[in-house]
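The values are calculated or read from the model by the stated rules, or taken from the named source; none is laboratory data. Note that the structure is predicted; figures quoted are calculated from it, not measured. Backbone-built Cβ (ideal geometry, glycine too); neighbour counts: all protein chains shown. Calculation scope for accessible area: heavy atoms of the full protein, side chains included, ligands and nucleic acids excluded. Shrake-Rupley method; radii C 1.70, N 1.55, O 1.52, S 1.80 Å.
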Amino acid sequence: RVRPLLAGICGSDLATLGARSSRWFESIVSFPFVPGHEVVGLDDAGRRVVVQPVLGCVPRGVEPPCPACAAGRTNHCVHLAAGHLQPGLQTGFCTDTGGGWSE
């Protein structure tokens, strides 16, 4: 868990809030979600951390990981709607994870 200190406002956040986002992403987004995938915060031990927002195989509990995740290329994960989390490309677009605009 991370307590957000700062969260960026991305173009995709603005497009979503303005109802101009692409319908192409609907299968890898779950509603309702809290925006914010560019996050600096504190972990439970009080250390400052930067969030890796992509919800690939590891945070989803998918075993074995897909070839992309196994190679460290989580941005190419093929399991963005699998595992124990609701669909979501990344934090800030997944109902189960929260986003940087939350506590």
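So if R0 is 22 Å, what FRET efficiency would Ala45 and Asn75 give, r being the distance between their Cβ atoms, rounded to the nearest 0.05?
Numbers: r = 27 Å, r/R0 = 1.24.
The formula returns an efficiency of 0.20 here.
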Amide H proximity to Gln90 below 5 Å, modelled H, separation 5+ or other chain, gives Leu55
Return the sequence-ordered ³J(HN,Hα) values of segment 83-98 in whole Hz as given by the Karplus equation 6.51 cos²θ - 1.76 cosθ + 1.60 applied to θ = phi - 60°, using x for Gly and Pro. x, 8, 9, 5, x, x, 4, 7, 4, x, 9, 10, 4, 7, 9, x
Is any residue of segment 32-58 close enough, with backbone N under 12 Å, to a label point placed 7 angstrom from the Cα of Ala82 along the Cα-Cβ axis, and if so, which? 56-58
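Give me the percent of the accessible area of the chain that comes from carbon and sulfur atoms, probe 1.4 Å, all protein chains in place.
Working: 3710 of 6440 Å².
The C+S portion of the solvent-accessible surface of the chain is 58 percent.
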Please identify the trypsin sites (Lys or Arg not before Pro) of segment 1-85 that satisfy two criteria: DSSP loop assignment and at most 14 other Cβ atoms within 10 Å. Which are they? Arg1, Arg20, Arg47, Arg73
Over the chain, calculate the relative contact order: mean separation of alpha carbon pairs under 8 Å at least 6 apart, over the residue count, as a percent. 35 percent
Taking every pair of alpha-carbon atoms in segment 41-87, give the share separated by more than 18 Å as a whole percent. 36 percent
Per residue solvent-accessible surface (Å²) - the chain, probe of 1.4 Å: 63 Å²
